[in-house]
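What follows is one structure encoded as structure tokens, with my remarks underneath.
The values are calculated or read from the model by the stated rules, or taken from the named source; none is laboratory data. Quick caveat: nothing in here was measured; it's all calculated off a predicted structure. Cβ coordinates were reconstructed from backbone atoms using ideal geometry, including for glycine residues, and neighbour counts include every protein chain displayed. SASA here: full protein model, heavy atoms, side chains in, ligands and nucleic acids out. Shrake-Rupley method; radii C 1.70, N 1.55, O 1.52, S 1.80 Å.
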Amino acid sequence: MRNMIKNVVEDAFKRLVEDGDLPNANPEQGHLISVPKQEKHGDYASNLALVMASKLKMSPREIAEKLKTVLQDNPDFERIEVAGPGFLNFFFSKTFWHKRLLDIKEKGDEFGNSHVGQGKRVLVEFVSANPTGPLHVGHGRGAAVGDSLCRILKAAGFHVESEYYINDVGNQMNTLGRSVYLRYQELLGKEIEFPDECYQGDYIKEIAKAIIDEHGSAFLDSNLEECLEFFTKEAVSRIFQGIKDDLNLFRVHFDNWFSERTLHESGYVEETISMLVEKGIIYEKDGALWFRTSEFGDEKDRVVKRSNGVLTYFAADIAYHRKKFERGYDMLVDIWGADHHGYVPRVKAAIKALGYNPESLSVLLVQLVNLLEGGEIKAMSTRAGEFVTLRQVLDDVGVDATRFIFLTRKCDSHLDFDLDVARKQSQENPVYYVQYAHARLCSVFATAKERGIQIYSPEQVNISLLSDAEEIALMKFIVRFPEVVTSSAVNLEPHRISYYLTELAGMLHKYYTKHRFIGDDPEMTQARLLLADVTRTVLRNGLGLLGVEAPEKM
């Protein structure tokens, strides 16, 4: 819609230049099409006259009046007004909105899609939880954001791949293996002292039990050093399989599972460090290797290899992002927990030092989730084992409610997830509110079928009968769905879809209570059934972008 108006206005401008009514000039890039906040100011507004005034050395209103003269014969517009300092306000005709219904009907499942991404290759890396325990609700929010963003970017014409980065090296892995080993010894009757720094959750005992079931007491008399690698691999394998199972249940798909271990075993991390040493970007100090991140926008230099020879996580992350760019992606999206806020500048510094554009990386920070039940916040501590897993929430309230609620707010805002609300089959539950709108429309068509009403083809419908103010408002709103998808993709904000669907559901519920889709007038019935059908399409398409089902019955 915005592009269409933009093109129409700029074509009118060029005609005025060609006819000599305006000085020779090209439309400026600052030309924007916006939706006025107040309905009385029209459906859309153009600021072209304002941005061209200084270049043409004319008043904005004078330019706007000339544009209006050329544009007012366009049958799509009911009227055009020059407002304020020189805005052009456009009021579309009812006929125009009626035509758009036919467009939506024709596009069906493709309505909302665009080519704004122009096929650019995007890698979205998300979740990437350390395989030291089951996914908790915080991971779940990141999973919902990442997966939905991939769906939205694809709809907007980007070539998208999703990736999970497996942090399967380092001290945390050794701590995990040690934790399972100690529980294994304990379950076989040895008295042990279980350290606070080890992982405390019951899942550690379950892994130890599984090892006993398969290997018995084979490791009972082995010291930790002899079998640490075995226990670590067993724990990582079992935990990671659980993570994959949970994500599959959550309808989260990954194209790539990238192991950090492969970067180290292939020598790629050391190769990356050597390359940066040669460039003088990494230097030695006090026996350690430091990255000159302060020269690339970070607040201070960072260690990549400690004096004891141990590589830092930052060293692996430098190599990992180098590998991403070498794989040919035009744009990288990393979705991290909010506690990684300070990590963003150093990764961007590394990208710049590697010779890539740091603006090619966008980092979304996902804030914490407060899980509420009975008005109280549940404890969340992974190391202490006091947390609610994602699987527990899914089993409790279902995939649809969990995904939708995670996407009801911008990801960098705190989210209160109220289990009591999520369990309700009422309009208090946000996903129920939207899904019920879709189910209501499906019930209309079920009723039509029961009554033997044959649905007209769109060309047979007298759409002009849709003239009620609420019908026009509903048509205007559903037509704007592609704009919402595009803005959601460009701004990397999936929550815009849930906002839109909630508002659309509200409009539909209000309309449903005041008007009958199936009435005494057969022609009006057919017109309203067409409106119901395209509204149902938009609800279904929008829910699909969030990874939420659109049920026909509730």
**Asked** Can you name the condition, by its number, that Ser426 falls short on among (1) of a type in the set (Gly, Ala, Ser); (2) open to solvent by 40 Å² or more (accessible area, probe 1.4 Å); (3) at pLDDT below 95?
**Response** (2)
**Residue satisfying all of: in segment 273-283; part of a helix (DSSP H, G or I) and free of Cβ contacts under 8 Å to residues at least 60 places away in the same chain; farthest from the chain's Cα centre (by Cα) among these** = Glu278
**Request:** Say whether the condition of being assigned to a strand (DSSP E or B), over 22 Å from Asp168 (Cβ atoms), under 24 Å from the mean Cα position of the chain (by Cα) and not charged (D, E, K, R) is met by at least one residue in segment 324-332.
**Result:** yes
**Item:** One residue from Ser148, Ser179 being more than 27 Å from Ala210 (Cα to Cα) and either touching an Asp or Glu at 6+ places or on another chain (Cβ under 6 Å) or open to solvent by less than 10 Å² (accessible area, probe 1.4 Å) (or both)
**Value:** Ser148
**Request:** Starting from residues that are part of a loop (DSSP other than H, G, I, E, B) and in contact (Cβ under 8 Å) with a residue 24 or more places away in the chain, keep the ones in segment 441-459 and report whichever is most open to solvent (accessible area, probe 1.4 Å).
**Result:** Arg451
**Per-region count, segment 31-42, residues open to solvent by less than 40 Å² (accessible area, probe 1.4 Å) and under 16 Å from Asn7 (Cβ atoms)** = 2
**Message:** I'd like to know if segment 193-201 contains one or more residues that are over 21 Å from Asn130 (Cβ atoms) and either out of contact with any Leu (no Cβ under 9 Å at 6 or more places or on another chain) or loosely packed, with under 15 Cβ neighbours inside 10 Å (or both).
**Reply:** yes
**Item:** Single match in Leu67, Leu71, Leu88 (criterion: open to solvent by less than 50 Å² (accessible area, probe 1.4 Å), touching a Ser or Thr at 6+ places or on another chain (Cβ under 7 Å), of a type in the set (A, V, I, L, M, F, W, C) and more than 30 Å from Arg151 (Cα to Cα))
**Value:** Leu88
**Prompt:** Looking only at residues in segment 368-411 that are modelled with pLDDT of 95 or more and assigned to a loop (DSSP other than H, G, I, E, B), which one is least open to solvent (accessible area, probe 1.4 Å)?
**Reply:** Leu407
**Asked** What about Ser259, is it touching an Asp or Glu at 6+ places or on another chain (Cβ under 9 Å), of a type in the set (Gly, Ala, Ser) and open to solvent by less than 70 Å² (accessible area, probe 1.4 Å)?
**Response** yes
